[in-house]
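The values are calculated or read from the model by the stated rules, or taken from the named source; none is laboratory data. Computed from a prediction, not measured in an experiment: that's the story for all the values here. Positions of Cβ are backbone-derived with ideal geometry, glycine not excepted, and every protein chain shown enters the neighbour counts.
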Amino acid sequence: MPTADGVEVVRGIREIAGDTAPAIVLSTYDWGEIEEEAKAAGVTAFCSKPLFLSDLKNVMIHANRVTTSQEVSMEDVRSFMGSRILVVEDNDLNREIAVEFLQEAGFQVETAADGTFAVDMVKESEEGYYDAILMDIQMPIMDGYVATQTIRSLPRKDTVNLPIIALSANAFEEDRERAVKSGMNAYLAKPLDEDLMFGTLEKYIALHREIH
């Protein structure tokens, strides 16, 4: 970039915001010559241009693993093996990354690209079919708040206590409060912290199973 290159920008961001979020360098050039300097500056991973969704997805999954230094434990896999979860997310890349993490943990994962599809999928499923729902908040046709309220109001027993976890890029207290008022059980901020996500799911799935 003309004023400051990507490595300098990452270094400046790290000084202000720390290293909690992955930083990915995009380049049309071979990064071998700058790799050592870039990693010292806080660059997590590299991705070549032109961008392809599959490459970007793989790099983001790797970057998240490096940043959190986490791997899915066998205990997590045993906890979630056979559990069925619905991921409601309109962003293709975010949806694919969430599916990757959840499948590694033993979940059977189904997806919906909007709240309307999520409501229909729950309506058409047998009672007790889903163990949890990860619900994005901001979606264009039916947002997560309305979708959750609609699911909670369905004339069936399982949706009253079905764990519905909000996903949002916003971390404001008013957003959390609105999520709870809409009927959501918990609120997770993006980018997702795997440890927090799995801990939240384990807690609410266990409670749901106790009730039923």
Which pairs do you get when a residue that is in the same structural domain as ILE97 (by TED's automatic domain parsing), found in the stretch 194-205, comes within reach of a residue that is among the hydroxyl-bearing types (Ser, Thr, Tyr) and in a helix (DSSP H, G or I), reach meaning Cβ atoms under 9 angstrom, with the pair 6+ apart or on two chains? GLU194/THR68; ASP195/THR68; PHE198/SER79; LEU201/SER79; GLU202/SER79; ILE205/SER79
Among the residues of the stretch 82-105 satisfying the criterion of being over 13 Å from the mean Cα position of the chain (by Cα) and of a type outside the set (Asp, Glu), which is modelled with the highest pLDDT? ARG84
Quick one: which residue in GLN138, GLN108 is modelled with pLDDT of 85 or more, more than 26 Å from ASP175 (Cα to Cα), over 12 Å from the mean Cα position of the chain (by Cα) and assigned by TED's automatic domain parsing to the domain that holds ARG152? GLN108
Restricting to the stretch 159-183, and then to whatever is farther than 19 Å from THR111 by Cα, more than 14 Å from the chain's Cα centre (by Cα) and touching a residue at least 24 places away in the same chain (Cβ under 8 Å), can you tell me which residue is surrounded by the most Cβ atoms within 10 Å (Cβ to Cβ)? ALA179
Can you tell me which of (1) under 16 Å from VAL87 (Cβ atoms); (2) outside any strand (DSSP E or B) is the one VAL160 doesn't meet? (1)
If you go through the stretch 113-125 one residue at a time, do you hit one that is within 17 Å of GLU194 (Cα to Cα), touching a strand residue (DSSP E or B) at 6+ places or on another chain (Cβ under 9 Å) and part of a loop (DSSP other than H, G, I, E, B)? no
